[in-house]
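Student: So that we are looking at the same thing, I have put the structure below in structure tokens.
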Amino acid sequence: MKKLSERVGTFTDSVIRRMTRISDAYGAINLSQGFPDFDPPQAMLDALSKAAYEGPHQYSITFGAKNLRDALAAKYDKATGLTTNPDTQVIVTCGSTEAMICAMMTVCNPHDKVLIFSPFYENYGADAILSGAEPIYIPLVPPAYDFDPSLIEKGFQEGAIALILCNPSNPCGKVFSREELLVIADLAKKYDAWIITDEVYEHMVYAPHVHTVMASLPGMAERTITCNSLSKTFSATGWRLGYMVGPEEVIEAAKKVHDFLTVGAPAPLQEAAVAGLQLGEEYYEDLNRLYTEKRDYFLAGLDRIGLKHNIPQGTYFVMVDISDFLAMEQFSGWSDLAFCEWMIREIGVAAVPGSSFFREPVNHLIRLHFARQKETMDEALKRMAKMAAMLGNDQAK
Ligand code: GLN
């Protein structure tokens, strides 16, 4: 066989996306890859059908259609109090997935070190490899997912040029407090480092927790590249619309990377997305209410059937502790991946093995998401109750 790059041998396919494929093959309820089973707002669907007949159907400006960039900058400024130039500080990307790799490729030289919290959304590991960067992992320690700031300082002292911050954090649901962000910000300033953020779950934050945009903190706009997306906020993961916002010098450089990676995001979908951004504050409040209800409903269901879990402060993910199962003879020595495959086959519910998010050898957690309609959650809980009954839980019978 002809040779392939060494690069591709150093990471696996996405376990999250793999679980979706296995789930589909078995017809299971897919609570693995996080995406909603409901549609974008009506205004966006109407705008999309209009765009189908009236266009645009050809390329937009590579870094994003002007009306979408204007709308994104306005949303961002409202959240941060900053004044963002939509022409020089915003790029519309193909999902925040592209925004993140584009940011990494823009700031990292081969062998530059970057700090990544663990557990982490699995893309960051591959992003680091693809951009030539070398990750230094900073543990977020369960159950509270706290971190030790001295490890961040140590990482910067070892030469890390950037820190990746997923806030609210996938998979653990941590919402970094303002105080925690200030600690990270001070260290980034002290060591003159970049912060690359992934804030796609910004509207899925559960009271009393609040989301603070890193770039809004004093002195941080000039060193923060904010990556975000319309996927989660507008239930449109398949539209592949994301964006990045940052200081002009980095965004102007990132425009080149983005242009040669993808040319641009789909023009008709950008046009339709503007209608979503015009919905205003009430839409985000309703979305937050919807997800708060879903979280409360799903967690109450897990409690009822007797599965142990964390309490996510944000995102639509929950980590379920499977230690009690792995302690049973039937599952003795099993990996969390094997357990998730068994769950798909025998229980009919798909989850993501926690090990795909942790740098540390963690094998006792699986990630479920609750971006599902109530009936789907009910059915998933009913199926998982059978599993919980194996533990001899009284409530589960
Ligand atoms: N962020 C979602 C998850 O963690 C999925 C995103 C994706 O697969 N591109 O499940």
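Student: Relative contact order of the chain: what whole-number percent is it, with Cα pairs under 8 angstrom and at least 6 residues apart?
Tutor: Reported as a whole number, the value is 24 percent.
Student: Next up: What's the FRET efficiency of ARG289 with LYS2 using the Cβ-Cβ distance as r and R₀ = 45 Å, to the nearest 0.05?
Tutor: About 0.25, to the nearest 0.05.
Student: What does the net charge come to around ALA254 if you take all other residues with beta carbon closer than 11 Å to its beta carbon, with K and R at +1 and D and E at -1?
Tutor: Surrounding charge for ALA254 is -3.
Student: Quick one: of LYS174/LYS308; LYS75/LYS174; LYS66/LYS255, which pairs are farther than 21 Å apart, Cα to Cα?
Tutor: LYS75/LYS174
Student: Order by neighbour count: LEU287, LEU165, fewest other Cβ atoms within 10 Å first, most last.
Tutor: Fewest-to-most ranking of LEU287, LEU165: LEU287, LEU165.
Student: Something else about it: Fewest to most neighbouring Cβ within 10 Å: what's the order for THR233, THR292, THR315?
Tutor: Neighbour counts put them in this order, fewest first: THR292, THR233, THR315.
Student: Cα centroid distance between the range 202-225 and the range 280-305, in Å?
Tutor: If we compute the Cα centre of each part, the gap is 21 Å.
Student: Work from the charge dipole of the chain (Cβ charges, +1 for Lys and Arg, -1 for Asp and Glu, about the Cα centre) and give the residue of ALA25, VAL90, PHE234 farthest towards its positive end.
Tutor: ALA25
Student: Let me ask something additional. Within the range 72-136, report the chymotrypsin sites (Phe, Trp or Tyr not before Pro) that DSSP leaves as loop and that have at most 11 other Cβ atoms within 10 Å.
Tutor: Taking the range 72-136 and a limit of 11 other Cβ atoms within 10 Å, no loop chymotrypsin sites (Phe, Trp or Tyr not before Pro) are found.
Student: Once Rh is set to the Kirkwood radius over Cα pairs, what Stokes-Einstein translational diffusion coefficient, in µm²/s, holds for the range 167-236 at a temperature of 37 °C and a viscosity of 0.692 mPa s?
Tutor: 260
Student: Per DSSP H run of at least 4 residues, take -39500 (n - 2.57); add these up for the chain, divide by its residues and hand me the 222 nm value, nearest 500 deg cm²/dmol.
Tutor: -12500 deg cm²/dmol
Student: Going by how many other beta carbons lie within 10 Å of each one, how would you line up GLU6, GLU158, GLU180, fewest first?
Tutor: So the residues, fewest neighbours to most, are GLU6, GLU158, GLU180.
FYI, it's all coordinate maths here, none of it is from the lab. Just so it is clear, the structure is predicted and the values come from calculations on it, not from any experiment. Every residue, glycine as well, gets a Cβ built from its backbone with ideal geometry; the counts of neighbours run over all protein chains shown.
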